[in-house]
Amino acid sequence: MKIALYASNHGFGHASRIAALAQSFIEYGCYVYICSDRPAFLFQDLPDGHWEYRESKLDRGVVHKENLVTDLEKTKAALMELFSQREELVAAEILFLREQGVDLVVSDVPFLIVEACLYTEVPIFGVSNFDWYFIYQELFGNDEDIIPILSVIHSLYRRMNRSFLLDLGAPYSVPGFKNPIDGGLVARTKSEYVSPYDKYGIKEGTQILLLMFGGEGAIEIPIEAICKAWDGVVISPYRGYKASNLLHVEQDDDFISLMQHSDIVICKPGYSTFAEVLSMGKSMIYIPRRNYPEERVLITGVKDYPGAKRVDCFPEEVGEIRKLFTEVRQGDFKKNKANGVLAGKIINEFVKVKYPQDRIVSVCDLGSNNMNYILYNKSKDKVIHRYWCTTGLGLDFRDGRLSEESITQALQAMSSILKIDSAIASEKKLIATGISRMAQNSGELLDEIHVRWSFKGKVINAKTEMKYAWLAAQPLMLHNTVNIILDIGGVSTEIVWGSPNGKYCGESMPFGLINLYLNENKGVSVEQVVLKELNRLPLYENIQLIVVGLTATMLFRYIRKAGIKDSLGSNGEKLEYNELSRLITDIFQDKVMEYQSMAHSPREIVSMGIAARVIQLVLDRYRSSYFVVCNDGISVGYAKWMK
């Protein structure tokens, strides 16, 4: 799936939560376009290759004077200018949506993109704690020049397919949202937080006070007096002040990590700051602005948060500031984030909007090294979405059992995809192959998957796996040709071919990328293992080799140095024998570094070289010079087979 996320060109809050939502969509395997003009550093933690930034200016927000006071005159002028460019702005978005084949748009909360979606028939969902109709209606409700613009903004919001109201908002703050769905608290997060003690040489255990006022300027506060009152380090991005315990950082610094290690945060009311404070359970002192409607909603949203302290006029005397610090409650007040839950709700609503009467199935193919996932429209026999994760399930297989560590690792690897899938109203099926056929305790893993994510699992035999591989490859088969289907797994490889009577035959061979990799480390070559099995197969002329599933997809990615988006769309592409040779040379000789940025692990790179060699040996046997990539694996074959 391709999802375009539009963030308002106002402050940092909209872009920050769009970044958080983008992370969850990426973990589910969606390709994401970030459409905004907000600084790139707000999205710097998103993984490379899964998203792209596209500058877009589809709203103007609110213009501020000093101390973040709303400048009504400049805000009105900016809004009028925006609407004077409406036609060309909408036309550019129509072109983008069509050229990129975007499946879904999420707006937080530019309104002109709704018009582009109406023309292109791309579903659009709104996500926010307020909409711009609410803000502008309060600021300009009696201005005759703005009233027609307000009507357009309101009507565009009302035509969104779905809308989601985030925490720190209220029904009255999204009057344009029609029947909004609860969206929860959305906040950026990190897998690892950088320690400011190490980064800036701060003595471990020193208390940290963080000053931050988002993306719309600063508020005048007595920073020198604050530094004198604070028995620790004060961290701030604002220049022009000096104190022995004041540490200046850049505006694009890692503020999530800084907040994680802070004892108190001083800030203005802003969604991203409040959401991150609440999600980390931090203490804060906030200073409201004047004449900005969103502030009322945000302040109401934190009125019951124990760690929040409101200060309408910040004291200037050191003693009074010290007293203020003692009044801020400390503790772990952490609130749960809803990033993944909201992403799941959005995908579920997308399916309901796009395929309202269709039968939707989620299928997982749990192999020996990877889990392949599809969201499938059974009514139309169409893949809606596909992705995979590396589990390494078969790596520590010993004495007929999966290790506890391997099971835990596999469950963790699958969780990002299946947590989001759990919000989707679909039939949930899992088929297990390879190592699960050999493991005495594979049932324990399948039971745990069923308990956590409601997937009904079963271990299938090799003959059934061959049937599903054959069904998956059928759209790419040629007439008057012997079609040979190759499915390279982790510990077994299935090869299937057409018989003269129109049916298929096949063999399951006892090698795969895991055991071939382990054998290589022991000095047993791929050729020694694979040729022994291939020599048992019947010989044919005029063959077409189709390699199915993740191995084919990944080989396309490595050989063509393609992104994930293009790799998942490589169905039907032909890869030549000499391209396999070049990849093998690169990996096993002098250019392995070129593949490190796209690899999940060093073992994956070597495994792709092994897979290339296996395919070459099959091509050698049948005197063929290329193979066809089939993105569809046995999960698709199973979905097609389902009654």
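Identify, please: which residue in segment 472-515 is among the hydroxyl-bearing types (Ser, Thr, Tyr) and under 19 Å from residue 554 (Cα atoms) and is, among those, surrounded by the most Cβ atoms within 10 Å (Cβ to Cβ)? Please lay out each step first, then the result.
Initially, segment 472-515 is screened for residues among the hydroxyl-bearing types (Ser, Thr, Tyr), giving 481, 492-493, 499, 504, 508.
Applying the additional criterion that residues be under 19 Å from residue 554 (Cα atoms) yields 492-493.
Details: 492: 24, 493: 26.
Restricting to residues being among the hydroxyl-bearing types (Ser, Thr, Tyr) and under 19 Å from residue 554 (Cα atoms), the top hit is 493.
Pairing each residue of segment 585-600 that is under 13 Å from residue 48 (Cα atoms) with any residue that is of a type in the set (Lys, Arg) and surrounded by 15 or more Cβ atoms within 10 Å (Cβ to Cβ), provided the two are 6+ apart or on different chains, yields C-beta distances under 8 Å for 598/557.
Restricting 339, 372, 377 to those that are touching a Leu at 6+ places or on another chain (Cβ under 8 Å) and assigned by TED's automatic domain parsing to the domain that holds residue 418 reduces the list to 372.
Would you confirm, using the coordinates I've provided, whether residue 229 is in contact (Cβ under 8 Å) with a residue 12 or more places away in the chain, closer than 15 Å to residue 259 by Cα, among the hydrophobic types (A, V, I, L, M, F, W, C) and crowded, with 19+ Cβ neighbours inside 10 Å? Against the criterion (in contact (Cβ under 8 Å) with a residue 12 or more places away in the chain, closer than 15 Å to residue 259 by Cα, among the hydrophobic types (A, V, I, L, M, F, W, C) and crowded, with 19+ Cβ neighbours inside 10 Å), residue 229 does not qualify. Summed over segment 137-160, residues that are among the hydroxyl-bearing types (Ser, Thr, Tyr) and surrounded by 22 or more Cβ atoms within 10 Å (Cβ to Cβ) total 1.
Please find, among 49, 29, the residue that is at pLDDT below 95, closer than 30 Å to residue 412 by Cβ and in contact with a helix residue (DSSP H, G or I) (Cβ under 8 Å, 6 or more places away or on another chain). Please lay out each step first, then the result.
Values: 29 fails: at pLDDT below 95.
From the options 49, 29, the qualifying one is 49.
Within segment 7-51, the set of residues being in contact with a strand residue (DSSP E or B) (Cβ under 8 Å, 6 or more places away or on another chain), small (Gly, Ala, Ser) and crowded, with 20+ Cβ neighbours inside 10 Å comprises 7, 8, 15, 19, 22, 29, 36. Please verify whether segment 120-131 includes one or more residues that are surrounded by fewer than 23 Cβ atoms within 10 Å (Cβ to Cβ), in contact (Cβ under 8 Å) with a residue 12 or more places away in the chain, farther than 19 Å from residue 10 by Cα and out of contact with any Phe, Trp or Tyr (no Cβ under 9 Å at 6 or more places or on another chain). Yes, segment 120-131 has at least one match.
Selection of strands (runs of 3 or more DSSP E) fully inside segment 380-471 by the criterion of at least 3 residues being buried (at least 16 other Cβ atoms within 10 Å of the Cβ) returns 382-390, 427-432. Take the conditions (1) in contact (Cβ under 8 Å) with a residue 60 or more places away in the chain; (2) surrounded by fewer than 16 Cβ atoms within 10 Å (Cβ to Cβ); (3) under 30 Å from residue 374 (Cβ atoms); residue 98 misses just one of them, which is (1).
Table: residues versus (1) polar (S, T, N, Q); (2) assigned by TED's automatic domain parsing to the domain that holds residue 245.
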residue	(1), (2)
130	no, no
133	no, no
137	yes, no
153	no, no
203	no, yes
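In segment 163-170, is there at least one residue being surrounded by fewer than 18 Cβ atoms within 10 Å (Cβ to Cβ) and either in a loop (DSSP other than H, G, I, E, B) or of a type in the set (D, E, K, R) (or both)? Yes, segment 163-170 has at least one match.
For segment 434-445, indicate whether the set of residues that are under 26 Å from the mean Cα position of the chain (by Cα) and either over 29 Å from residue 570 (Cα atoms) or free of Cβ contacts under 8 Å to residues at least 60 places away in the same chain (or both) is non-empty. Yes, segment 434-445 contains at least one residue that is under 26 Å from the mean Cα position of the chain (by Cα) and either over 29 Å from residue 570 (Cα atoms) or free of Cβ contacts under 8 Å to residues at least 60 places away in the same chain (or both). Screening residue 90 on (1) of a type in the set (A, V, I, L, M); (2) touching a Leu at 6+ places or on another chain (Cβ under 7 Å); (3) part of a strand (DSSP E or B) shows it passes everything except condition (3). Residues that are within 23 Å of the chain's Cα centre (by Cα) and aliphatic (A, V, I, L, M) within segment 561-604 comprise 562, 564, 568, 598, 599, listed in sequence order. Does any residue of segment 591-614 turn out to be buried (at least 20 other Cβ atoms within 10 Å of the Cβ) and among the polar types (S, T, N, Q)? The answer is yes, given that some residue of segment 591-614 is buried (at least 20 other Cβ atoms within 10 Å of the Cβ) and among the polar types (S, T, N, Q). Checking every residue in segment 571-580 against the condition of being touching a Phe, Trp or Tyr at 6+ places or on another chain (Cβ under 8 Å), modelled with pLDDT under 95 and not in a loop (DSSP other than H, G, I, E, B) gives zero matches.
So that you can scan it fast, the table gives a plain yes or no per residue for (1) within 25 Å of residue 19 (Cα to Cα); (2) without any contact (Cβ under 8 Å) to a residue 40 or more places away in the chain; (3) crowded, with 17+ Cβ neighbours inside 10 Å; (4) in the same structural domain as residue 141 (by TED's automatic domain parsing):
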{"position": "289", "(1), (2), (3), (4)": "no, no, yes, no"}
{"position": "298", "(1), (2), (3), (4)": "yes, no, yes, no"}
{"position": "306", "(1), (2), (3), (4)": "no, yes, no, no"}
{"position": "313", "(1), (2), (3), (4)": "no, yes, no, no"}
{"position": "316", "(1), (2), (3), (4)": "no, no, no, no"}
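Every condition in (1) more than 28 Å from residue 81 (Cα to Cα); (2) surrounded by fewer than 18 Cβ atoms within 10 Å (Cβ to Cβ); (3) touching a Cys at 6+ places or on another chain (Cβ under 7 Å); (4) not polar (S, T, N, Q) is met by residue 54 except one, and the failing one is (1). Within segment 195-203, at least one residue is surrounded by 17 or more Cβ atoms within 10 Å (Cβ to Cβ) and over 27 Å from residue 84 (Cα atoms).
For segment 101-113, residues that are under 12 Å from residue 4 (Cα atoms) and part of a helix (DSSP H, G or I) total 1.
The values are calculated or read from the model by the stated rules, or taken from the named source; none is laboratory data. Quantities reported herein were computed from a predicted structural model and do not represent experimental measurements. Methodologically, a virtual Cβ is constructed for each residue, glycine included, from the backbone with ideal geometry; neighbour enumeration extends over all protein chains shown.
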